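A short write-up of the structure that comes next.
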Amino acid sequence: MTTFATWNEANHCGEPTCHRAPLVAAYYRALRRECPSCTILAAEVLDMPNMASWVDRFQKALGHRPRLWGLHNYLDANRMRTSGTRALLRRTVGRVWFTETGGIVRRRNRSTVDFPESPAHAAAATRWVFQRLVPLSRRITRVYLYQWNAAAHDTWDSGLIDPRGRARPALGVVRNALRAAAERRRARILARASPPSR
């Protein structure tokens, strides 16, 4: 294993790191020191209101701006907005991976964060990720959708398939996005292979 995230959802106040960005910066330095050849995400942050200030404190404590971040942009995806993703892009340099994103089907986790929940909503949110959030910057180089499936009793369900294994509408969105990406890649290859016009 050579790819690590320093802390998952480090700015979430259910985590002990919510008000301790300098501590996560120290963990990041320790990881870099122990494995200089590894791929290490500075932190994985949620696109919550405190994200920008948390990232600023982290980078101030670190003394430089790391070149790889993880973003869990559930608010952007499920509220059909771009502000959280844009905020992280403005404050950082280098690559940004969406290490968790996707549309919410159902939550029973007593969250106070409000957004719609249904299979149809999850499909619309997933489409928003691919059509509006990913194109914001070439710095966004990976997308990890959470999740493939959830059990019927789980408190969080953003699955592409339901607990019985049946495809949900969001899976069709993913298939279409993959097909479109393959077509764009094929077009680029053909364009490079074409002889110059005389």
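The values are calculated or read from the model by the stated rules, or taken from the named source; none is laboratory data. This is a predicted model, so every value here is computed, not measured. Note that each Cβ is placed from the backbone with ideal geometry, even for glycine, and that neighbours are counted across all protein chains shown.
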The lone exception for A170 - which of (1) over 28 Å from L41 (Cα atoms); (2) modelled with pLDDT of 95 or more; (3) not polar (S, T, N, Q) it fails: (1)
From the options D114, D76, residue that is in contact (Cβ under 8 Å) with a residue 12 or more places away in the chain and either touching a Gly at 6+ places or on another chain (Cβ under 6 Å) or acidic (D, E) (or both): D76
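Can you go through N8, N50 and tell me which one is modelled with pLDDT of 95 or more, among the polar types (S, T, N, Q) and under 14 Å from the mean Cα position of the chain (by Cα)?
Numbers: N50 fails: under 14 Å from the mean Cα position of the chain (by Cα).
Exactly one residue qualifies, and that residue is N8.
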Residue within the range 155-171 that is assigned to a helix (DSSP H, G or I), farther than 18 Å from Y74 by Cβ and of a type in the set (A, V, I, L, M) present: yes
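Filter the range 160-179 down to residues that are small (G, A, S) and within 12 Å of R127 (Cβ to Cβ) and give me whichever is surrounded by the fewest Cβ atoms within 10 Å (Cβ to Cβ). Even if it seems obvious, please write down each step before you answer.
First, pick out the residues of the range 160-179 that are small (G, A, S): 165, 167, 170, 172, 177.
With the extra rule that they be within 12 Å of R127 (Cβ to Cβ), the set shrinks to 170, 172, 177.
On the way: A170: 26, G172: 14, A177: 18.
For the range 160-179, the residue satisfying everything is G172.
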Test: residue in the range 52-61 that is assigned to a helix (DSSP H, G or I), surrounded by 14 or more Cβ atoms within 10 Å (Cβ to Cβ) and touching a strand residue (DSSP E or B) at 6+ places or on another chain (Cβ under 7 Å): yes
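Being small (G, A, S), outside any strand (DSSP E or B), at negative phi and at pLDDT 95 or above is the requirement here; does A152 meet it?
On the way: small (G, A, S): yes; outside any strand (DSSP E or B): yes; at negative phi: yes; at pLDDT 95 or above: no.
No, not satisfied.
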